[in-house]
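S.K.: Before I ask anything, let me first share the structure, which is written out below as structure tokens.
The values are calculated or read from the model by the stated rules, or taken from the named source; none is laboratory data. Bear in mind that the values here come from a model prediction, so they are computed numbers and not experimental data. In case anyone asks, the SASA skips ligands and DNA or RNA and just uses the protein heavy atoms, side chains included. Shrake-Rupley method; radii C 1.70, N 1.55, O 1.52, S 1.80 Å.
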Amino acid sequence: MKKKGPYPMPTQHPASAQQNKEKQHRWLRQTLTVLCLVLLVVVLLAPGALELLYRADARTALRNARSVRMALDVTSTGQYGGSAPFADAAKQGGVAEGVYEDVLFLSKAPGEFWILQTDESGYRVQKFIYQENEYTVWYDRSTHVYTVYHDRLMIGDEDTDP
């Protein structure tokens, strides 16, 4: 006598088993096709999307550099009014002791700056650079132009000359 389990075994016809296989293969093909299309779209659009992100970050660095320039102007005016030194090439940022922290506090900029040139009085900044992450902003007062560069080291070489 055969022992029957709680559930009888369903009998499948060979034709329905073949249909199930075909359904699975069709579903797999469709899924792979969709995944390939998504991958193609990502590959084609990724450079453009990265460019948009770079431009947004560059604009942020530019805004922060403008804030630093205004903070430099305010701080230099305060230093001039108090007959205190402003520019000092030997100190951090090219400014006198304590001024660097004041400028960053006023500007709320997360990067670093360096004064490259002042006018004859030593109080009016003519050129400076601002660095934030991989962005560098150059400012030139004579042309009133800010130029933003995205740093990307392509080749590095060490100088081996003694």
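S.K.: Using heavy-atom solvent-accessible surface (probe 1.4 Å) with all chains present, what is the largest-first order of Trp138, Trp114?
M.R.: Sorted descending by solvent-accessible area, the residues read Trp138, Trp114.
S.K.: Take the Cα pairs of the stretch 50-162, get the Kirkwood Rh, then feed it into Stokes-Einstein at 20 °C and 1.002 mPa s and tell me D in µm²/s.
M.R.: Here the translational diffusion coefficient equals 143 µm²/s.
S.K.: What number comes out for accessible area per residue over the stretch 47-90 if the probe is 1.4 Å? Units Å², please. Kindly include the intermediate steps, with their values, before the conclusion.
M.R.: Values: 2750 Å² over 44 residues.
In whole numbers, the stretch 47-90 has 63 Å² accessible per residue.
S.K.: Moving on to the next point. Ranked by accessible surface with a 1.4 Å probe, highest first, in what order do Leu106, Leu72 come?
M.R.: Leu106, Leu72
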